[in-house]
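Below: one structure, written as structure tokens.
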Amino acid sequence: MILPLARKNHPVWKQKFKNISQITPETKKLVADMKETLDLTSGVGLAAPQIGQPLRLFIINFGKLKEVFINPKIITYGKEKDQLEEGCLSVPGSRGVVKRSTGLEMEYVDLKSTRKRASLKGYYARIAQHEYDHLSSIFYVDRITDKKKIHTYKPIKIVFFGTPEFGAIILKSLYGQHLVGDYKLQLVVTSPDKPSGRGKEPALSVVKKTAASFGLSIAQPVSLNNPAFINSLKKLKPDFIVLAAYGKIVPKSILRIPSKAVINVHPSLLPKYRGASPIQAAILNGDKFTGVTIINMNEKIDEGDILASVKLPISAKATTQSLAKKLAVAASRLIHHVLHLYSAGKIKPRPQEGGRPTYTRLLKKEGGFIDWQNPPENLNQMVRAYFPWPGVWTKFNGKILKLLPENKVQLEGKKPISLEEFKAGHADFTLNW
């Protein structure tokens, strides 16, 4: 359950926070709800008072540190200190540089009632100090002596364009900051509903379903050149338009609308794999790494200046479906840094470099067909790259046979089974991948 956030002026901050004497089912439910809330907001830490509970408890979810800290006590602080910019879910619309120790030792109890001692360094130590402060009703702004150095801003106005699950994951993250008060999601633009299935019922995009569940305004223009649609965007006066797998070329008339920029989230390390199928291309070519690049969009396909990027490994069993989710999660964190830094004038776009650009094509259903008696050498990569669409398929005894990840097959009209099981009943099928 998503929990409402307690702002700096909430009455809870005037209370004395209690230690938790026993880990109960209610404690575990509270922690689960805190994790869900933190995930939605793309934050890195959350203290119980921030959701209105006067308890000495906080959670951290950043990098390799995913932990619940119950009744924490910092034993020692490191002597070295550094300064970094911080924000806070309970203090929306502000950022500021805070000096903190670069290391600490802390005792606490975890969710299994085990007493532990943690030695945290770097950014992990900073997060812990930030959340630990909340247990004494202290906010990061209280640690900034020169209040003129606190950067304040109005909610960032955003129009979002997207269609599949990749876009929906990023939209969910933006909505989290909308709830916090840092953003104002003015409109979600997605593709029109398409007839699907035997009954040709309208199929909603994943982005539309997500936006509707949040009660956000939705537009589904058939053409982006529609004057009425363009005028409706102009009236919103957005700071940014954010695109994530929308699927259509955006005309110059829309690129000019935002006061700041049109930002595109692209799932590759540009200039490698520009175009419509970068995730599939990375898996199909057997790449060990890929990533996400956020660019300042222009009229050319994926050629805009780079605002930020992150590199991620590709596992040996990755499919387009699983890798797209992993990249979307990474992008949903990176996009917040870009939006805030861009708004503050602290980001410098840089031209795409790193070799000759490569391009990917729009995939079609027929592109997944193979001759099972003369298969391609990279069949394993192809099966994973084309899952779930367009899929890899062949014809066997007059029927369509789908080749699925993890060595499974699905004969037309049947359920998926293992390749070994299929071969046991079809000795003449000799294909392996």
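Is it true that I283 is closer than 30 Å to N380 by Cα, in contact (Cβ under 8 Å) with a residue 40 or more places away in the chain and not in a loop (DSSP other than H, G, I, E, B)?
Working: closer than 30 Å to N380 by Cα: yes; in contact (Cβ under 8 Å) with a residue 40 or more places away in the chain: yes; not in a loop (DSSP other than H, G, I, E, B): yes.
Answer is yes for this residue.
Quick check on my filter: what residues within region 112-149 are closer than 25 Å to H10 by Cβ, assigned to a loop (DSSP other than H, G, I, E, B) and modelled with pLDDT of 95 or more?
Result: L135, S136, S137, I138, F139.
From the residues in region 202-254 that are closer than 12 Å to V189 by Cα and of a type in the set (F, W, Y), which one is farthest from the chain's Cα centre (by Cα)?
Checked region 202-254; the qualifying residue farthest from the chain's Cα centre (by Cα) is F229.
Can you tell me which of (1) of a type in the set (G, A, S); (2) farther than 30 Å from K148 by Cα; (3) not in a helix (DSSP H, G or I) is the one G96 doesn't meet?
If we test G96 against (1) of a type in the set (G, A, S); (2) farther than 30 Å from K148 by Cα; (3) not in a helix (DSSP H, G or I), just (2) comes out false.
Here are N380, N374: which of them is in a helix (DSSP H, G or I), free of Cβ contacts under 8 Å to residues at least 60 places away in the same chain and outside the structural domain of Q321 (by TED's automatic domain parsing)?
Details: N374 fails: in a helix (DSSP H, G or I).
Of the residues listed, the single one that is in a helix (DSSP H, G or I), free of Cβ contacts under 8 Å to residues at least 60 places away in the same chain and outside the structural domain of Q321 (by TED's automatic domain parsing) is N380.
Return yes when S259 is over 24 Å from V292 (Cβ atoms), exposed (fewer than 14 other Cβ atoms within 10 Å of the Cβ), of a type in the set (S, T, Y) and touching an Asp or Glu at 6+ places or on another chain (Cβ under 6 Å) and no when it is not.
yes
Filter region 58-116 for residues that are of a type in the set (A, V, I, L, M), more than 20 Å from L341 (Cβ to Cβ) and touching a helix residue (DSSP H, G or I) at 6+ places or on another chain (Cβ under 7 Å) and give the result. Please lay out each step first, then the result.
From region 58-116, those of a type in the set (A, V, I, L, M) are 59-60, 65, 68, 70, 74-75, 84, 89, 91, 97-98, 104, 106, 109, 111; that's our starting set.
Narrowing the set further to residues that are more than 20 Å from L341 (Cβ to Cβ) leaves 59-60, 65, 68, 70, 74-75, 104, 106, 109, 111.
Across region 58-116, the qualifying residues are I59, I60, L65, V68, I74, L104, M106, L111.
What do you reckon, is Y359 touching a residue at least 40 places away in the same chain (Cβ under 8 Å) and in contact with a Gly (Cβ under 6 Å, 6 or more places away or on another chain)? Please lay out each step first, then the result.
Numbers: touching a residue at least 40 places away in the same chain (Cβ under 8 Å): yes; in contact with a Gly (Cβ under 6 Å, 6 or more places away or on another chain): yes.
Answer is yes for this residue.
Would you mind telling me which numbered condition in (1) crowded, with 21+ Cβ neighbours inside 10 Å; (2) in contact with a Gly (Cβ under 9 Å, 6 or more places away or on another chain) Y108 fails?
(2)
The values are calculated or read from the model by the stated rules, or taken from the named source; none is laboratory data. Given the structure is predicted, the values throughout are model-derived calculations rather than measurements. Positions of Cβ are generated from backbone atoms using ideal geometry, with glycine treated the same way; all protein chains shown enter the neighbour counts.
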